[in-house]
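Comments concern the structure below.
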Amino acid sequence: MRLSYDLILEQSQKLIMTPELRQAIELLQFNSLELKEYITNELEENPMLESAGANEEFENLDKYKDDNDIDWKEYLEKYDDISYRAQVDKNVKEYNYESFISHGPTLREHLLSQLSLISLENKEYKIGENIIYNIDENGYLSTSIEDIAKFMKSNIEEAKILLDIIQAFDPVGVGARDLKECLLIQLRDRKDVHPCTQTIIEDYLEDIGYNRVQKISKELGLELVEVQDICDYIKNLEPKPGRTFRGESGDARYITPDAEIKLVDGEFVVIINDSTGPKLNINNYYKELMKSEGDKDTIDFLNEKFNSAMWVIRSIEQRRSTIRKVIESILKFQMDFFIEGEKSLKSLTLKDVAEDIEMHESTISRATNGKYVQTPRGLFELKYFFSSGILSEEGELSSTSIKVTLKEIIDNENNKKPYSDQKIAELLKEKGINISRRTVAKYRDELNIPSSTIRKRY
């Protein structure tokens, strides 16, 4: 065996993850909020970048031309024209959403305002205030009354008296320590209550949840219909009295769609939302400074920042282009959904869209994750349009379409004799949808529809 050192030339292909490629992948998977935060940070760190004005249009790359040797088209080539703007109808009255937003008190503020109207000594007010500060956003006391008494250095009886006072505040049921106490508080001042209602809440609350009406009827010696009416009455009480008030943060959270599908002259058009990724421009002052024969270190710094800025612009435009292509492909596959509704939603996979627009499945996954589109049928996450399906007599149906059909069957059933999962599977089979009983149970759970024993009425 001969050992020696040799030089060998060999050709091979490798996928190298450059920083620029990683940046493009990262930008693609950002949702609208993350992208805005990223752009804000880049604008702060890179002096070459500036946000384009709201009324400016940068569709013509020739406007970037100047006397220097920078070839702007080389940087921005292969971009699609995705700066489509819908025509504004000036006859349509525009509404300012700020006119509809009003300040409402939080649950804590509402309770404190009621506490201030009661004549209390300073120590008693402090105990009541501490109790209110320990009530969560659903209206429940989140700590024990013993801990509150210990913290305020008072006796437990004094703390309980203040808790009783607060439990009489609006909203009814606030300050309860558990669901049972919350429901009992709401019964205090009601006169239209059946004598056994309190007993059923105290001893049969779990049975109400599982619709064990026959058990309650047998043990209390009441008619089935009578027990059912009591259970219906209890179910109409408020289990979370604090949820009618806004949260402590007071922040209204909205979803900003990344794109919109509009019906224009009988055709669906995809419009990318510019607000989710504002257009960026190169700062003219620093661009002129690059052409000057100044300090070498300064020129090198500006060149570095210029290259970084161009990669950011290019990545954002590529992101917009990819999202547009993905939505157009979804629109092509799911055209029946936009015309007829959920029942016409077809089975669609990432692979189908990837092959259609000649991209990798991982790219489609990143482009659809956390992205939303506004359509004539409402706001949907792009992931909504991807679902598995089964073969039926009418072709391949998506699981979403099957769920809609399943819900229609349950909505039209006789509630005195609700369909079992096996019966529903048989009814679906008659409609050309062949799925098992276990699949019916799975879809029913995903729709938050209880079983037939719980749905049964007497």
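Surface composition of segment 107-245: carbon plus sulfur atoms contribute 48% of the solvent-accessible area (1.4 Å probe, protein chains only, all chains present). Using only the Cα atoms of segment 345-392, build the gyration tensor, take square roots of its eigenvalues as a ≥ b ≥ c, and label the shape rounded, prolate or oblate: rounded if a/c is under 1.5, else prolate if a/b is larger than b/c, else oblate. Taking the square roots of the gyration eigenvalues as a ≥ b ≥ c, segment 345-392 is oblate. When the accessible area of segment 390-454 is split by element with a 1.4 Å probe, what percent falls to carbon and sulfur? About 43 percent, which is the carbon plus sulfur part of the accessible surface. Basic side chains Lys and Arg get +1 at the Cβ, acidic Asp and Glu get -1 at the Cβ, and with that the dipole of segment 107-245 about its Cα centre reaches some 220 debye. For segment 390-454, relative contact order (Cα pairs under 8 Å, six or more residues apart, normalised by length) works out to 35 percent.
Accessible area per residue was computed with a 1.4 Å probe on protein heavy atoms; residue 377 scores about 110 Å². Compute the Cα gyration tensor for segment 125-282, then decide on rounded, prolate or oblate, letting a ≥ b ≥ c be the square roots of its eigenvalues: rounded whenever a/c is under 1.5, prolate when a/b is larger than b/c in the other cases, and oblate in all that remain. Oblate, since a/c reaches 1.5 and b/c is not below a/b. Close amide H pairs (under 5 Å, H built 1.01 Å from N) link residue 176 with 141, residues at least 5 positions away or on another chain.
Could you rank 212, 188 by how accessible they are, 1.4 Å probe, largest area first? Please report the intermediate quantities before stating the final value.
Details: 212 95, 188 130 Å².
So the residues, ranked largest to smallest area, are 188, 212.
For the set 262/442; 305/332; 332/431; 235/383, the pairs lying more than 31 angstrom apart at their alpha carbons are 262/442; 305/332; 235/383. In a reduced charge model with +1 at each Lys and Arg Cβ and -1 at each Asp and Glu Cβ, segment 354-458 shows a dipole moment near 860 debye about its Cα centre.
Listed values for segment 369-374 are Karplus-derived 3J(HN,Hα) couplings in whole Hz (6.51 cos²θ - 1.76 cosθ + 1.60, θ = phi - 60°), namely 6, x, 9, 10, 10, 8, and x replaces Gly and Pro.
Stretched out fully, how many nm does the piece from residue 454 to residue 349 gain, at 0.36 nm a residue minus the Cα gap?
Working: separation 105, 0.36 × 105 = 37.80 nm, distance 3.55 nm.
Stretched out fully, the residue 454 to residue 349 stretch lengthens by 34.3 nm.
Relative to the current alpha-carbon distance between residue 191 and residue 225, full extension at 0.36 nm per residue lengthens the span by 10.2 nm.
Summing charges over all other residues whose Cβ lies under 13 Å from the Cβ of residue 159, with Lys and Arg as +1 and Asp and Glu as -1, gives -1.
Other residues within the sphere of radius under 12 Å centred on the Cβ of residue 438, judged by their own Cβ, net out at +1 (K and R +1, D and E -1). Computed from backbone phi, the HN-Hα couplings of segment 215-225 come to 4, 5, 4, 5, 6, 9, x, 10, 5, 4, 5 Hz, rounded to whole numbers (Karplus: 6.51 cos²θ - 1.76 cosθ + 1.60, θ = phi - 60°; Gly and Pro given as x).
Cross-link reach is defined here as a Cα-Cα straight distance under 23 Å, omitting same-chain residues fewer than 8 places apart; for residue 123 the lysines meeting it are 150, 153, 160. With a 1.4 Å probe rolled over the protein heavy atoms of all chains, the accessible area of 332, 325 falls in the order 332, 325, largest first.
Highest mean first, how do 292-301, 140-149, 123-132 rank when packing is the count of other Cβ atoms within 10 Å averaged over residues? Before the final figure, lay out each step's value.
On the way: 292-301: 10.4, 140-149: 16.2, 123-132: 19.1.
Highest-to-lowest ranking by the protection proxy: 123-132, 140-149, 292-301.
The values are calculated or read from the model by the stated rules, or taken from the named source; none is laboratory data. Not measured: the values here are computed from a predicted model. For neighbour counting, all protein chains shown are included, and Cβ atoms are generated from backbone atoms with ideal geometry for every residue, glycine included. Calculation scope for accessible area: heavy atoms of the full protein, side chains included, ligands and nucleic acids excluded. Shrake-Rupley method; radii C 1.70, N 1.55, O 1.52, S 1.80 Å.
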